[in-house]
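Inspection log for the structure reproduced underneath, given as structure tokens.
The values are calculated or read from the model by the stated rules, or taken from the named source; none is laboratory data. Fair warning: this is a prediction, and the values are worked out from it, not measured in the lab. Ideal geometry is used to build each Cβ from the backbone, glycine not excepted, and the neighbour counts take in all protein chains shown.
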Amino acid sequence: MTTLTNSLTDVPGIRVGHATNLEAVTGCTVVLCPDGTVGGVDQRGGAPGTRETDLLRPMHLVNTVNAILLAGGSAYGLAAADGVMHYLEENGKGYVAQQGIVVPIVPAAILFDLAIGRSDIRPDAAMGYAACESATAGAVEQGSVGAGTGCRVGGGMGNDFATKGGIGTASVDLGDGLIVAALIAVNAVGDIVNESGQIIAGMRQPPDGQTFAGSLNMMRAMARMVEQPTTGNTVIGVVATNAKLTKEQVNKVAQMAQDGLAQAIRPAHTMFDGDTIFALATGEIDANVNAVGAFAAEVVAQAIRNGVNAAVTLGGVRSLKD
């Protein structure tokens, strides 16, 4: 009997790799998929940064994907997908086009981490390739690694009053080996709350930052402001299952998984957030899409909380432990 690790790699065939630059406080994370993995996506919030998401939607030719990339670096970080494509090309993985030409399918999403560490160093092709080289089917490292390295929560008043975000993961076994799992990079403008609704990470209250200001309190103060303050955020992630699902059903799972953001982040899906969730189905076990989607939301919420709990103080942003 396989022992579960409460991570995305509990889905058989999924491998996850991180590449981390602690000096620049940025990084990327790759999810490598087994052959035949069907992909979908749901994007919410007003500030997305994505690549190859249109092909994941129904009524488009390509149904399967080879990898998903999550990266820091804002729009610059999308360049890391080139390295993932190079790695997959070397290994003969991709969509077979005319004359046998192999084109790897690597949808990607980025988050804004340029306000922490060094803004002139971003994830690039070399880092994307390195993340692939490090990918394993073992337990996924969480916290301030990979795409979670530069994550902040509640950064509207700067690093001194933000809380360190990170990357988190979780899984659930629905019986008979049916697995639903999530991997989320937590870089939210809103507060992270526990199951009781208590804030566990968010914007800190001046002058000492020992208590949380409460994002909804800040939103109340902004309610009549015509001009929007500037901030950079976005929660991005992947849900995966070994269920047999169609492309339409996988997109439904991605949509339902977004409810996990609403469970654990308040508010979610603002104009400051990109909030992109990819969904993957490896096609091993017959399953009900409604059940898969419902538990996708549950593991997303758990992964968000795990990400901030595992984060460490970095780049002048305090973690929950400090």
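Summary table below
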item	result
Only listed residue being over 23 Å from ARG122 (Cα atoms) and surrounded by 21 or more Cβ atoms within 10 Å (Cβ to Cβ), chosen from LEU32, LEU56	LEU56
Matching residues, region 123-153, being more than 17 Å from the chain's Cα centre (by Cα) and not in a helix (DSSP H, G or I)	ASP124, SER134, THR136, ALA137, GLY138
Odd one out for GLY128 among (1) buried (at least 24 other Cβ atoms within 10 Å of the Cβ); (2) closer than 20 Å to THR313 by Cα; (3) not aliphatic (A, V, I, L, M)	(2)
ASP160, sole failed condition from (1) within 30 Å of ASN288 (Cα to Cα); (2) of a type in the set (Asp, Glu); (3) not in a loop (DSSP other than H, G, I, E, B)	(1)
Answer from VAL250, VAL226, VAL289, VAL300 - the residue that is modelled with pLDDT of 95 or more and within 30 Å of ALA115 (Cβ to Cβ)	VAL300
Any hit, region 75-82, residues being surrounded by 19 or more Cβ atoms within 10 Å (Cβ to Cβ), within 28 Å of ILE179 (Cα to Cα), of a type outside the set (Val, Ile, Thr) and without any contact (Cβ under 8 Å) to a residue 60 or more places away in the chain	yes
Odd one out for LEU55, checked against (1) within 21 Å of ALA182 (Cα to Cα); (2) in contact (Cβ under 8 Å) with a residue 24 or more places away in the chain	(1)
Residues satisfying the stated conditions in region 168-182, i.e. surrounded by fewer than 24 Cβ atoms within 10 Å (Cβ to Cβ) and under 27 Å from ARG152 (Cα atoms)	VAL172
Subset of region 17-60 [touching a His at 6+ places or on another chain (Cβ under 9 Å) and either at pLDDT 95 or above or assigned to a strand (DSSP E or B) (or both)]	GLY27, CYS28, THR29, VAL30
Residue within region 87-109 that is polar (S, T, N, Q) and within 21 Å of THR169 (Cβ to Cβ) present	no
In region 4-20, the residues that are crowded, with 19+ Cβ neighbours inside 10 Å and either hydrophobic (A, V, I, L, M, F, W, C) or over 14 Å from LEU183 (Cβ atoms) (or both)	LEU8, VAL11, ILE14, VAL16, ALA19, THR20
